[in-house]
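The values are calculated or read from the model by the stated rules, or taken from the named source; none is laboratory data. In this text the structure is predicted, and so the values were computed from the model without any measurement. Cβ: placed from backbone, ideal geometry, glycine included. Neighbour counts: every protein chain shown. Note: areas computed on protein heavy atoms with side chains; ligands, DNA, RNA excluded. Shrake-Rupley method; radii C 1.70, N 1.55, O 1.52, S 1.80 Å.
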Amino acid sequence: MPRTIRTLALDEVETLVDWAAAEGWNPGLGDAVAFQATDPRGFIGAFVDGEMVAGISAVAYSDDFGFIGLYICRPDRRGRGHGKAVWDAGMARLGNRTIGLDGVVEQQANYRSMGFAPAYRTIRFVGSPNAPADAGSDIRAIRAELLADVLDYDGRFFPGPRRVFLEHWLRPPYMALAIVRNGAIEGYGVARRCREGCKIGPLFSDSLDAASRLFAALADTCKSGNIHIDVPETSGDFAARLTSAGLKPGFETARMYKGKAPQLTQSGVFAITTLELG
């Protein structure tokens, strides 16, 4: 049957996120809505006889930066070129932008052959923290009055503007907290319920101590189940603190870029936001 490539509707994005769950990626319960709102034309599927057989996200954050994720072919349809078809469509959509992705170890050589270069490794830590939260009076829930400040702060650590994404990511049922001192944000993070436990991401902060306190406060909001957090190797001693708190390292990915790598305050990225959208 002929293959059709087209933009996905929201219910089809939800199906793609379900496929990610089946692959063991443990996406958040409300991720599809936030993802699709970020770039409604950035989710692409291959269809055969009306059935989706492969999908990809190719989200354009700006004219200069985009991100590839959710690159999945249905297991029963692999080996027939459907994955390559959506890959080509996603890459064509992002064009000459710098393009980021988070690649699993098994695919990194393949991505290198297509022009992507590794920037840093990311390790997923999983577990139930054994220490009580020590929040402090400077940790506040993020409300509408803080949004503009959070957007400015986020720009130090993420390669593109993402107002629409954060307008979804910072509101309930997501649990968003910030450290605010003398009217200035010194860190923020978000926790969300997932298929299993909770994920924390992003976690951006001016210091290791502030990041550790934010992590403890966010973990406390999750109440039950394991915490999952994707930690760049550039975050200094944060991984050691997570290990001391009882979390264990799991699978590894690499942040890779095609084109000029963004210039960011990487030392303040204690957890990436998502493997799917960067």
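When D138 is tested against (1) open to solvent by less than 50 Å² (accessible area, probe 1.4 Å); (2) of a type in the set (D, E, K, R); (3) under 22 Å from the mean Cα position of the chain (by Cα); (4) modelled with pLDDT under 95, only condition (3) is not met. Of all residues in the range 154-180, which are in a helix (DSSP H, G or I) and open to solvent by less than 10 Å² (accessible area, probe 1.4 Å)? Within the range 154-180, D154, F165, L166, W169 meet the criteria. Out of A239, A191, A245, one residue alone is of a type in the set (G, A, S), at pLDDT 95 or above and more than 16 Å from the chain's Cα centre (by Cα). It is A239. I123 meets all of the listed conditions (1) crowded, with 22+ Cβ neighbours inside 10 Å; (2) closer than 30 Å to L242 by Cβ; (3) of a type in the set (V, I, T) but one, namely (1). The residues of the range 6-19 that are within 17 Å of D39 (Cα to Cα) and not polar (S, T, N, Q), listed by number, are R6, L8, A9, L10, D11, E12, V13, E14, L16, V17.
Restricting attention to the range 210-236, which residues are over 14 Å from the mean Cα position of the chain (by Cα) and more than 15 Å from L177 (Cβ to Cβ)?
Restricting attention to the range 210-236, the residues satisfying the condition of being over 14 Å from the mean Cα position of the chain (by Cα) are 210-227, 233-236.
The answer is S224, G225, N226, E233, T234, S235, G236.
Quick check on my filter: what residues within the range 241-272 are open to solvent by 10 Å² or more (accessible area, probe 1.4 Å), in a loop (DSSP other than H, G, I, E, B) and touching a strand residue (DSSP E or B) at 6+ places or on another chain (Cβ under 6 Å)? Across the range 241-272, the qualifying residues are G246, G259, K260, A261. Does R193 fit the bill of being open to solvent by 10 Å² or more (accessible area, probe 1.4 Å), within 16 Å of R143 (Cα to Cα) and not in a helix (DSSP H, G or I)? In short, no. The single condition from (1) exposed (fewer than 15 other Cβ atoms within 10 Å of the Cβ); (2) of a type in the set (F, W, Y); (3) free of Cβ contacts under 8 Å to residues at least 60 places away in the same chain that F238 fails is (1).
Residue under question is F67, and the condition is that it be within 15 Å of the chain's Cα centre (by Cα) and not acidic (D, E); does it hold? Show your work before the answer.
Values: within 15 Å of the chain's Cα centre (by Cα): yes; not acidic (D, E): yes.
In short, yes.
So, in the range 209-241, how many residues would count as being in contact with a Phe, Trp or Tyr (Cβ under 6 Å, 6 or more places away or on another chain) and closer than 15 Å to I185 by Cα? Adding up the residues that qualify gives 1.
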